[in-house]
Amino acid sequence: MNESSVCRFEVSPGRLASLPEASALYKEFKTRIDVLELEETLAVLRVLEEGWGGSIDFTDVLLLLKIDGQWKCVAKAYNQNSNTISK
């Protein structure tokens, strides 16, 4: 699948934090989901998360299988982007 055929979804933070003191941490949180590969019963997704907890960026790669008609996540690998790791 080439870059021009990658599906993209923008996801709003919604109700990530219901407590007033926690909502400020997620004010700038952004998530994007890219469908990298899609077959009849197999999907590979990349989830880009920016500003989790106010300052941490992640990249997740998810493997989904369609089992009994429903998509199930069967594996996850992630990376915390190095510029957001506290030393």
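Some observations on this one:
- Candidates are the residues of the stretch 22-69 that are among the polar types (S, T, N, Q) and surrounded by 13 or more Cβ atoms within 10 Å (Cβ to Cβ); the one that is modelled with the lowest pLDDT is Ser23.
- Residue within the stretch 46-60 that is part of a strand (DSSP E or B) and on the phi > 0 side of the Ramachandran plot present: yes
- Residue within the stretch 69-77 that is in a loop (DSSP other than H, G, I, E, B) and basic (Lys, Arg) present: no
- Taking the criterion of being touching a residue at least 24 places away in the same chain (Cβ under 8 Å) and of a type outside the set (Phe, Trp, Tyr), the residues of the stretch 68-84 that qualify are Gln80, Asn81, Asn83, Thr84.
The values are calculated or read from the model by the stated rules, or taken from the named source; none is laboratory data. In this text, all values refer to a predicted model and were calculated from it rather than measured experimentally. Counting neighbours? That spans all protein chains shown, and the Cβs are built from the backbone with ideal geometry, glycine included.
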